[in-house]
Structures are given as C-alpha cells and as structure tokens.
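Right, one structure below, let's go through it.
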Amino acid sequence: MAQFIVNLNASMPALERFIVHMLDPTHMFVHPHVAEMIRSKIAEFRNQNSYEKPQ
C-alpha cells in the first residue's frame, strides 16, 4: 500500500502533492487534510483488485 500511496502522490500536480517526508519504504508523513482522500483511494483500489469466486 505504501507504493500505491507514493504513486498516487506522484500522479498529483506539484502543488497538490501530499507526502511531506518518507521515513522508510513503508512509513511516511502526509498532510493531515488528505487522510480521508487516501483512505478512499485505497478502498477503491482494493475493490478493483478483489477476487470473487465464481458460483
């Protein structure tokens, strides 16, 4: 998920990028006002990549 967030950040225009600092490959500081947007994008990503067993 960290790589997904990094890619999401990179896809934003320069003035809208939200990662403040990368601590290590799996931890980062982001602007607090984007937390809900990140959660929403992750949920959307997970829904698109989920497997449903055929009946």
Conditions (1) surrounded by 13 or more Cβ atoms within 10 Å (Cβ to Cβ); (2) of a type outside the set (S, T, N, Q); (3) assigned to a helix (DSSP H, G or I): number failed by M28: (3)
Against the conditions (1) outside any helix (DSSP H, G or I); (2) surrounded by 10 or more Cβ atoms within 10 Å (Cβ to Cβ), where does Y51 fall short? Just the number, please. (2)
Where the second residue is in a helix (DSSP H, G or I) and the first is touching a residue at least 60 places away in the same chain (Cβ under 8 Å) and lies in the range 1-12, which pairs have Cβ atoms under 9 Å and are six or more apart or on separate chains? none
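Any read-out appearing in this document is the output of simple, stated calculations on the displayed coordinates, not a laboratory observation. Please read all numbers here as calculations on a predicted model, not as lab measurements. Here the Cβ is made from the backbone with ideal geometry for all residues, glycine too, and neighbour counts use every protein chain on show.
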